[in-house]
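What follows is calculated from the coordinates using simple rules that are stated; it is not laboratory data. Keep in mind that what you see is a predicted model, and the values were worked out from it rather than measured. A quick note on method: Cβ atoms are made from the backbone with ideal geometry, for glycine too, and the neighbour counts reach across all protein chains shown.
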Amino acid sequence: MGKVNKLQIKLKKGEKPFQVEEVVLIKGRGIKGDVFLGEDEKRQIAIMESKARLDNSDKSDGFCLMRFSENISVEDFDVSSLRAGDEIKVGCAEIKVTFVGKKCYTECPVFKREGNCGLWKKAAFAKVLKGGIVKTGDELHKKML
């Protein structure tokens, strides 16, 4: 079991995301009001461990920290243990993991300097199976199939 630490949405591509206290997940589409709503069935929601950003704060020139913006930041939840097909109940909504990990940017200064920083495996993408409201502080549970 984990907890939603932070929620973010983007209104326009190229702009920084902004933090919100709750989001509305729409079945098969993503997050209401987010610029990426309905754009990619496999990447409706991005999830990342909040600890991953803290653990890599010394790599502030890394592209993952600058370019990647998760919608749902979680704590006490091991994202790297997820597999495609896993289902998660978050708040009153349900999501299904489509893939775990994100690509490294080969032009990233950290990647050039150190190789893979490990941040990539602390992120996952999901699609919405059951819509509903998700709030900061809500619990997440990996469903046992």
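Below is a table of values for the structure above.
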| read-out | value |
| --- | --- |
| Total charge dipole magnitude, region 2-139, about the Cα centre, Cβ charges on Lys, Arg, Asp, Glu only, Debye to nearest 20 | 420 debye |
| Relative contact order of the chain, pairs being alpha-carbon contacts under 8 Å that are 6 or more residues apart, as % | 34 percent |
| Packing-based exposure ordering (other Cβ within 10 Å, fewest first) of 1, 144 | 144, 1 |
| Sequence of 135, 127 once ranked by neighbouring C-beta atoms within 10 Å, starting from the fewest | 135, 127 |
| Cβ crowding within 10 Å averaged over residues, with 17-26, 92-101 ranked highest first | 92-101, 17-26 |
| Set of aspartates and glutamates near residue 121 by C-alpha distance (under 17 Å), chain-local residues within fewer than 8 positions excluded | 49, 55, 70, 75, 76, 78, 86 |
| All-pairs Cα distance distribution in the chain, expressed in whole percent, bin size 5 Å | 2, 10, 21, 24, 21, 13, 6, 2, 0 |
| Across 16/143; 6/127; 12/143; 102/143; 3/102, pairs whose alpha-carbon gap is larger than 29 Å | 16/143; 12/143 |
| Neighbour-count order for 129, 82, fewest beta carbons within 10 angstrom listed first | 129, 82 |
